[in-house]
1. Evaluate the Debye formula for the chain with equal point scatterers sitting on the alpha carbons, no solvent, and hand back log10 of I(q)/I(0) at q = 0.06, 0.11, 0.15 Å⁻¹, in q order, two decimals.
2. For the residue pair Thr102 and Gln237, what label-to-label distance in nm results when each label sits 7 Å from Cα along the Cα-to-beta-carbon direction?
3. May I ask for the longest run of the chain untouched by chymotrypsin sites (Phe, Trp or Tyr not before Pro) that are loop-located per DSSP and have at most 14 neighbouring C-beta atoms (other than their own) within 10 Å?
4. From the C-alpha gyration tensor of the stretch 2-82, pull out the three semi-axes of the equivalent ellipsoid (sqrt of 5λ each), sorted largest to smallest, in whole Å.
5. Quick one: net charge around Asn141, please, counting Lys, Arg +1 and Asp, Glu -1 for every other residue with C-beta under 11 Å from its C-beta.
6. If you take the C-alpha gyration tensor of the stretch 211-295, multiply each eigenvalue by 5 and take the square root, what semi-axes do you get, largest first, in whole Å?
7. Is any helix in the chain, taking whole DSSP H runs, at least 15 angstrom long along its axis by alpha carbon and on average at least 0.0 on the Kyte-Doolittle scale, and which ones?
8. In nm, to one decimal, how far is the Leu94 label point from the Glu201 one, both placed 7 Å along Cα→Cβ?
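Read the figures in this text as sums done on the coordinates, not as results from a lab. This one's a predicted model, so the numbers in the text were calculated from it and none came from an experiment. Here the Cβ positions follow ideal geometry from the backbone for every residue, glycine too, while neighbour counts run over all protein chains shown.
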Amino acid sequence: MQETITQLRAAIEAHDLSTPEQLEQFRLAFTGRKGQLADLFDQLKTVPQEQRRAVGQELNQLKQLALDRFTQRQQELEATRENAPQNPEFDYTLPAPQALGTRHPLSLVREEMVRIFARIGFNVAEGPEIEDDWHNFTALNFPENHPARDMQDTFFVRRNPGEPKEDFLLRTHTSTVQVRVMESQAPPIRSIMPGRVYRNEAISARAHMMFHQVEGIFIDEGVSFADLKQTVYYFVQEMFGADINIRFRPSFFPFTEPSAEIDITCLICKGTGCNICKGSGWVEIGGCGMVDPAVLQHSGIDPEVYSGYAWGMGIERITMLKYQIKDLRLFTENDLRFLRQFEGIIS
C-alpha cells in the first residue's frame, strides 16, 4: 500500500496540466469517484488495524494535494480565457447566427392564397370554430332533413346533458363566416375566409376529419356568374400557372344557385390518372356559385338590389397539387422528414 501511495503521489505531481483537456483527464484519473484515489480509499479496509490510521492520514493528504493542484490550474485557465484579447475584426454585439426554420406547407399556401386575392381587393375575415345551427346550416339554406345535419357528418357539441344536439357544433365549412360578414357589413362586400373546419369522416390519403378551407364572397349590384368565372381563372393561373386547364361542372349547394364544381388538370399525374384524381386526370379544387337570394335575405341584404357569388376551396387540396404531395395524412402527422422538405421556403 505504501509503495502504491508513493507512486500515485509522483504521478499527481508530474501530470501535465497545460490544456483544459489534460486538466479534465487529471480530474477523472485522480479526484473522480472512479479515480485511483477512490480505489485506494476502498482498499483501506484491508490494511491491518494498527496501520490503518497512519495510512488514512496519508491518503487524505494525497487527496488534498490532487484537489489543490486541480483547483489552482482551473482558476489559471479561466483567468487566461477571460483576459484573452478579442478579435478586433469581429463584432461581438451581432446576434448569433440562426438557421432558417421550417414553415408548414399549409401555412405557406394559405398565405399565398391570401396575397393572390388581396391583389384584386379581397380582405380577410375570420370567425369562431364552434358555431350555432343558424350560422352553419339554417342561414345557408340547409333544410331540416339535409344529410349534413346528421351525426355521421357533423361533430355536435352539447353544453349540458339534455340540451338539443343541434345547439352548438364544430363548423363544417367556413361559409359560417360569410353569414357573419353579411350580417355585420353593408354591400359592397369582398372578403375571403380562411380557417379550420371539421367533419366526421374516415381518415385516409384523400380525406380527414379536420382540414382547412378558404372561402370567398363578393356582394354588390350587378354581380354575375361571368365575374365569378374570371375570379377563379385569375386565382388558378396565379397559383399554378397560365397553362392549367379549368372546367366548371354543374352541381348543387343549398346556399348557391346556380352552382358549379371547379376542376383543374391534376398536377401530380399531369392528366394521365393517379390515386389523387381517381384516374380521371382532373382534380376538384372547390365549389362555387351565385349566392342564393334566400341566403341574402337571411343575412339582411335585399336580393332585389344586390347579387353576389361565393366559392370555397380546400387548402390541403391546393397544397397537395402545388407541392406534389400524395397523402393528406402527412399534414397532421408531424413527421420531421416531411416537414424539413419545406425548410427555408419563404412565402
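1. -0.46, -0.79, -1.29
2. Computed distance between label sites Thr102 and Gln237 equals 3.7 nm.
3. 93-347
4. The equivalent ellipsoid of the stretch 2-82 has semi-axes of 28, 11, 10 Å.
5. -2
6. 26, 15, 11
7. Span-like helices in the chain: 105-118, 225-240.
8. Output for this residue pair reads 5.0 nm.
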